[in-house]
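Novice: Following this message is one structure expressed as structure tokens.
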Amino acid sequence: MAVDSLAAKARNISTNISAHYVDNARNLPWRVPPAQSRLGKLPDPYHVWLSEIMLQQTTVGAVKSYFKKFVQRWPSVHDLADAEEADVLAAWAGLGYYARARNLHKCAVQVSKNAKGIFPKKESELLQLPGVGAYTAAAIAAIAFGERAVVVDANIERLVARLFAIDTPLPKGKSEIRYKMDLVTPGEDAGDFAQACMDIGASICTAKKPKCEICPVQMDCTARRLDRAEEFPVKPSRKQKPVRKARFFWVEEKGKLLLSTRADKGMLAGMRCLPDDNWSARQDGNAEPPIAANWVVFENVIQHIFTHFSVEVDLAVYRGEKIVTNNDDNIWWPLEQIEQAGLPTLYAKAVRWMVKKKQEDET
């Protein structure tokens, strides 16, 4: 494509996407509507940062309720910094990728204590914060501070790959996608433009069955002209995920359930959980119980999928007469309040399975 025609295409895309956003922006609790942002009103950087960390590898639908819960409980970055990390992890339970929650707390502490609660404006400075990568730094700079930054998330990646029919397979194709996004990103209102692209990718330029007929940039989309929209972006061939085996242990006494705390490093670090057999992403558990006693084992009661592997879980139920355990990290949690324990999703699934089985056995 000639330089002049590429520049003209980029201008058309930028203009049409920006115009579409004015009347079609999603109403999200961390956003400022375009009518207000164009008058110079920008969103709270704390809200933008918090939402962007939550949105990493998580859908908007899943994040909304968590965002509202967090800002109600911790209205400012100072409040979040003063919170116990265990409480932040518990409030995060169900969102997954728990390293995000630990970095969230570390970042809040750093901003609160070292920067007096003021987030930096520049991408280069934002990148120095715990848990803030290239995409998140660009998004915060553009959306919260009005800086011109090139924002590329999964939705934007798909939109741009289709607009320019970028056929270099991911992840190698990311550099070309970012280059083309740089071409179409305007000098002003880059935050609104990025959010407009996100919205189009989420609701129109979807992974399957894109709604090309209502897309504001359909006339400039090469993939649509070729009738190949769903072929972009080009994904690498999928590798089969390994399957791990784990065993969780159910010890209940007087309406309370025995919990433990996972190690400070590794998967789900520092989270409350059912006692388990030291399974990990790299190896099966050893199936050894925490207490020598009679156990009834229910095999493969739940399956859970992580990004790079899946796990099949057995649940062993304690049937001894006397419970003897002296582990320092033991926690006895009221079973009727177990949802407040903040268990990671796969442990919560095991608890729900056992509670349902107990109810069925009683009927």
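The values are calculated or read from the model by the stated rules, or taken from the named source; none is laboratory data. These numbers were taken from a predicted model, which means no experiment stands behind them. We place every Cβ from the backbone using ideal geometry, glycine too, and count neighbours over all the protein chains shown. Heads up: the accessible areas ignore ligands, DNA and RNA and are worked out on the full protein's heavy atoms, side chains in. Shrake-Rupley method; radii C 1.70, N 1.55, O 1.52, S 1.80 Å.
Novice: Among all residue pairs at least 6 apart or on different chains, which show Cβ distances below 9 Å where the first residue, located in segment 175-189, is free of Cβ contacts under 8 Å to residues at least 60 places away in the same chain and of a type in the set (Val, Ile, Thr) and the second is surrounded by 15 or more Cβ atoms within 10 Å (Cβ to Cβ) and part of a helix (DSSP H, G or I)?
Specialist: ILE177/ILE156; ILE177/GLU157; ILE177/VAL160; ILE177/ALA161
Novice: Checking the condition under 30 Å from PRO216 (Cα atoms) and among the small types (Gly, Ala, Ser), which residue from ALA86, ALA93, ALA7 passes?
Specialist: After applying the criteria, what remains is ALA7.
Novice: Moving to a separate point now. Only one of these is in a loop (DSSP other than H, G, I, E, B), out of contact with any Gly (no Cβ under 8 Å at 6 or more places or on another chain), open to solvent by 20 Å² or more (accessible area, probe 1.4 Å) and over 22 Å from PHE309 (Cβ atoms): PRO236, PRO289. Name it.
Specialist: Only one candidate passes the filter, namely PRO289.
Novice: Ok, one more. Does segment 156-178 include one or more residues that are under 20 Å from HIS20 (Cβ atoms) and open to solvent by 60 Å² or more (accessible area, probe 1.4 Å)?
Specialist: no
Novice: Another one. Looking at TRP333, is it surrounded by 14 or more Cβ atoms within 10 Å (Cβ to Cβ) and either at pLDDT 95 or above or in contact with a helix residue (DSSP H, G or I) (Cβ under 9 Å, 6 or more places away or on another chain) (or both)?
Specialist: The answer is yes for TRP333.
Novice: Filtering segment 30-49 down to residues that are surrounded by fewer than 18 Cβ atoms within 10 Å (Cβ to Cβ) and either of a type in the set (Val, Ile, Thr) or in contact (Cβ under 8 Å) with a residue 40 or more places away in the chain (or both), which residue is nearest to PHE70 (Cα to Cα)?
Specialist: Filtering segment 30-49 for residues that are surrounded by fewer than 18 Cβ atoms within 10 Å (Cβ to Cβ) and either of a type in the set (Val, Ile, Thr) or in contact (Cβ under 8 Å) with a residue 40 or more places away in the chain (or both), the one nearest to PHE70 (Cα to Cα) comes out as ASP44.
Novice: Pairs only if they're at least six apart or on different chains, beta carbon under 8 angstrom, first in segment 59-88 and over 17 Å from ARG100 (Cα atoms), second assigned to a helix (DSSP H, G or I) and open to solvent by 80 Å² or more (accessible area, probe 1.4 Å); list them, first residue then second.
Specialist: Cβ pairs passing all conditions: ASP79/ARG73.
Novice: In this structure, does GLY201 turn out to be free of Cβ contacts under 8 Å to residues at least 60 places away in the same chain and in a helix (DSSP H, G or I)?
Specialist: In short, yes.
Novice: Could I ask something else about it? Scan segment 128-141 and report the pairs whose first residue is open to solvent by less than 10 Å² (accessible area, probe 1.4 Å) and whose second residue is among the acidic types (Asp, Glu) and part of a helix (DSSP H, G or I), with Cβ atoms within less than 8 Å and a gap of 6+ or a chain change.
Specialist: Going by the 8 Å Cβ cut-off, the qualifying pairs are THR136/GLU52; ALA137/GLU123; ALA138/GLU123; ALA139/GLU52; ILE140/GLU52; ALA141/GLU123.
Novice: Confirm whether ALA108 is crowded, with 16+ Cβ neighbours inside 10 Å and among the aliphatic types (A, V, I, L, M).
Specialist: yes
Novice: List every residue pair whose Cβ atoms lie under 9 Å apart, where the two residues are 6 or more positions apart in sequence or sit on different chains, the first residue falls within segment 96-114 and is under 28 Å from LYS349 (Cα atoms) and part of a loop (DSSP other than H, G, I, E, B), and the second residue, located anywhere, is hydroxyl-bearing (Ser, Thr, Tyr) and open to solvent by less than 20 Å² (accessible area, probe 1.4 Å).
Specialist: Correct list of pairs: empty, since none qualify.
Novice: Mind listing whichever residues of segment 77-101 are open to solvent by 40 Å² or more (accessible area, probe 1.4 Å), at negative phi and of a type outside the set (Asp, Glu)?
Specialist: HIS78, ALA86, ALA99 - these are the residues of segment 77-101 that are open to solvent by 40 Å² or more (accessible area, probe 1.4 Å), at negative phi and of a type outside the set (Asp, Glu).
Novice: Quick one: in segment 115-163, of everything that is among the charged types (D, E, K, R) and part of a helix (DSSP H, G or I), which residue is nearest to TYR179 (Cα to Cα)?
Specialist: Top of the filtered list is GLU157.
Novice: Which residues, counting only those in segment 59-70, are open to solvent by 30 Å² or more (accessible area, probe 1.4 Å) and either in contact with a Pro (Cβ under 8 Å, 6 or more places away or on another chain) or outside any helix (DSSP H, G or I) (or both)?
Specialist: THR59, LYS64, LYS68
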